[in-house]
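Engineer: Can you keep this structure in mind? I'll have questions shortly.
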Ligand code: AVJ
């Protein structure tokens with residue numbers, strides 16, 4: 001298929017949502033920006049590299065679980081379901097699930113249309129019998145499923161512990177919205193990253209090669225490029241910290257000296273040591289994950305984990 005052209009380095013039109021989120025986030029006390037803005041072209045590439053890092057266990061562990069338990073999924077899920085994947089992106093995990101359960105249709109939902117078209121074309125090629133019905137949209141907002149899957153029972157697929165990016169109350173809201181969207185007989189297969197040894201967690205978000213640091217710092221470069229910013233890239237350091245009270249890894253960009261900068265015409269100041277909180281990645285214990293699902297309107301029916309209990313894959317029913 002035809003690949004879309006690379007975006008110009010300095011787009012003429014400013015994305016109003018990006019501008020609003022960054023200006024609001026920098027005006028906040030403490031400063032905090034939503035993690036969705038990491039994923040421009042460069043950020044998506046860096047994230048792909050993160051998933052291959054020796055320290056970043058989640059992707060590898062979850063993929064192994066998907067490969068190993070195909071027969072279990074087929075038994076537990078049954079036939080004829082439409083699989084609806086939330087935030088499908090470039091997911092390399094999906095084929096393992098599709099091969100195992102042979103669904104009646106596959107509906108990947110993603111906010112990035114380019115990515116979605118490319119990965120849908122690829123999947124449709126690999127599964128010639130399977131209707132692939134991509135939906136471009138933000139699954140945090142109300143959206144409609146394709147009419148082709150009307151009447152089919154659904155299996156929601158939400159891998160990658162993406163739910164961990166949300167505060168628990170927002171995670172519950174999202175789970176409820178998914179239940180409403182997917183309907184009465186729906187099931188949900190969701191990946192959750194587990195609470196574990198703190199050094200292991202920190203290493204996964206502060207790798208030796210500095211890929212995660214580059215991923216975090218890319219936000220600064222994106223702000224400079226797209227929002228007429230003049231933030232000094234060398235004025236910030238990547239920090240990954242474990243917040244034990246909230247059971248989450250936090251990524252921050254810490255000012256290494258007092259900083260003055262501008263974004264879209266607005267002036268900002270940071271003291272040395274002050275941070276921009278750029279991401280939270282919540283971790284869940286085995287009981288926490290069930291509690292979260294139940295609060296979100298889902299009843300857990302089966303769980304799979306690796307030998308070390310690093311990562312959990314939970315199947316729940318509406
Ligand atoms: C894509 C949100 C699951 O929280 O582990 C990886 C993103 N950030 N390294 C995660 C991420 C830094 C990732 N999620």
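Engineer: Regarding residue 38, is this residue within 16 Å of the ligand (Cβ to nearest atom), within 18 Å of residue 154 (Cβ to Cβ) and either surrounded by 15 or more Cβ atoms within 10 Å (Cβ to Cβ) or modelled with pLDDT of 95 or more (or both)?
Structural biologist: Taking the combined requirement at face value, the residue does not satisfy it.
Engineer: Right, residue 266: over 30 Å from residue 299 (Cα atoms) and touching a helix residue (DSSP H, G or I) at 6+ places or on another chain (Cβ under 9 Å) or not? Give the steps one after another, and end with the answer.
Structural biologist: Values: over 30 Å from residue 299 (Cα atoms): yes; touching a helix residue (DSSP H, G or I) at 6+ places or on another chain (Cβ under 9 Å): yes.
Answer is yes for this residue.
Engineer: Something else now. Which residue pairs have Cβ atoms under 6 Å apart, sit 6 or more places apart or on different chains, and have a first residue in segment 40-52 that is over 9 Å from residue 218 (Cβ atoms) and a second that is within 12 Å of the ligand (Cβ to nearest atom) and part of a loop (DSSP other than H, G, I, E, B)?
Structural biologist: Partner pairs satisfying both residue conditions: 50/56.
Engineer: Right, something else. Scan segment 104-116 for residues that are surrounded by fewer than 19 Cβ atoms within 10 Å (Cβ to Cβ) and more than 18 Å from residue 145 (Cβ to Cβ) and jot them down.
Structural biologist: Passing the criteria: 112, 114.
Engineer: Do we have residue 312 as within 16 Å of the ligand (Cβ to nearest atom) and in contact (Cβ under 8 Å) with a residue 60 or more places away in the chain here?
Structural biologist: Spelling it out, residue 312 is indeed within 16 Å of the ligand (Cβ to nearest atom) and in contact (Cβ under 8 Å) with a residue 60 or more places away in the chain.
Engineer: Now for a different question. Hey, any hits in segment 142-158 for a residue that's surrounded by 15 or more Cβ atoms within 10 Å (Cβ to Cβ), under 24 Å from residue 98 (Cα atoms), touching a residue at least 12 places away in the same chain (Cβ under 8 Å) and within 16 Å of the ligand (Cβ to nearest atom)?
Structural biologist: Here is the first cut: in segment 142-158, the residues surrounded by 15 or more Cβ atoms within 10 Å (Cβ to Cβ) are 145, 149, 152-158.
This time we only want the ones that are under 24 Å from residue 98 (Cα atoms), so: 145, 149, 152-158.
After this cut, where a residue has to be touching a residue at least 12 places away in the same chain (Cβ under 8 Å) as well, the list is 145, 149, 152-158.
From the residues that got through so far, the ones that are within 16 Å of the ligand (Cβ to nearest atom) too are 157-158.
Yes, segment 142-158 has at least one match.
Engineer: Report yes if some residue within segment 161-169 is closer than 19 Å to residue 82 by Cα and touching a strand residue (DSSP E or B) at 6+ places or on another chain (Cβ under 6 Å); otherwise report no.
Structural biologist: Taking every residue of segment 161-169 in turn, none turns out to be closer than 19 Å to residue 82 by Cα and touching a strand residue (DSSP E or B) at 6+ places or on another chain (Cβ under 6 Å).
Engineer: Related question: Can you report the number of residues in segment 180-226 which are more than 15 Å from the ligand (Cβ to nearest atom), surrounded by fewer than 20 Cβ atoms within 10 Å (Cβ to Cβ) and assigned to a loop (DSSP other than H, G, I, E, B)?
Structural biologist: Result for segment 180-226: 4.
Residues are listed down the side, and each one gets a yes or a no for (1) under 26 Å from residue 250 (Cβ atoms); (2) within 16 Å of the ligand (Cβ to nearest atom):
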| residue | (1), (2) |
| --- | --- |
| 266 | yes, no |
| 270 | yes, no |
| 274 | yes, no |
| 279 | yes, yes |
| 291 | yes, no |
| 298 | no, no |
| 301 | no, no |
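Engineer: Considering each of 315, 293 in turn, give the residue that is crowded, with 18+ Cβ neighbours inside 10 Å and in a strand (DSSP E or B).
Structural biologist: Being crowded, with 18+ Cβ neighbours inside 10 Å and in a strand (DSSP E or B) holds for just one of 315, 293, which is 315.
Engineer: Here is a follow-up. Do you know which residues across segment 112-140 are touching a residue at least 60 places away in the same chain (Cβ under 8 Å) and in a loop (DSSP other than H, G, I, E, B)? Lay out the reasoning, then the answer.
Structural biologist: Here is the first cut: in segment 112-140, the residues touching a residue at least 60 places away in the same chain (Cβ under 8 Å) are 112, 114-115, 117-118, 121.
Within segment 112-140, just 112 meets the criteria.
Engineer: Only one of (1) modelled with pLDDT of 95 or more; (2) over 19 Å from residue 298 (Cβ atoms); (3) surrounded by fewer than 21 Cβ atoms within 10 Å (Cβ to Cβ) fails for residue 176. Which number is that?
Structural biologist: The single condition residue 176 does not satisfy is (2).
Engineer: Another one. Which of (1) over 21 Å from the mean Cα position of the chain (by Cα); (2) within 24 Å of residue 33 (Cβ to Cβ); (3) in a helix (DSSP H, G or I) does residue 148 not meet, given it meets every other one?
Structural biologist: For residue 148, the exception is condition (2).
Engineer: So, one more: On the given criteria, is residue 174 more than 15 Å from the ligand (Cβ to nearest atom) and touching a helix residue (DSSP H, G or I) at 6+ places or on another chain (Cβ under 8 Å)?
Structural biologist: When the stated conditions are applied, residue 174 does not pass them.
Engineer: Among what's in segment 227-251 and is assigned to a loop (DSSP other than H, G, I, E, B) and out of contact with any strand residue (DSSP E or B) (no Cβ under 8 Å at 6 or more places or on another chain), pick the residue that is surrounded by the most Cβ atoms within 10 Å (Cβ to Cβ). Full working, then the answer.
Structural biologist: We begin by selecting, within segment 227-251, every residue assigned to a loop (DSSP other than H, G, I, E, B); these are 227-232, 244-247.
Those still in the list that are out of contact with any strand residue (DSSP E or B) (no Cβ under 8 Å at 6 or more places or on another chain) too: 244-245.
Values: 244: 9, 245: 5.
For segment 227-251, the residue satisfying everything is 244.
The values are calculated or read from the model by the stated rules, or taken from the named source; none is laboratory data. On a predicted model such as this, the values are computed, not experimentally measured, just so you know. Backbone-built Cβ (ideal geometry, glycine too); neighbour counts: all protein chains shown.
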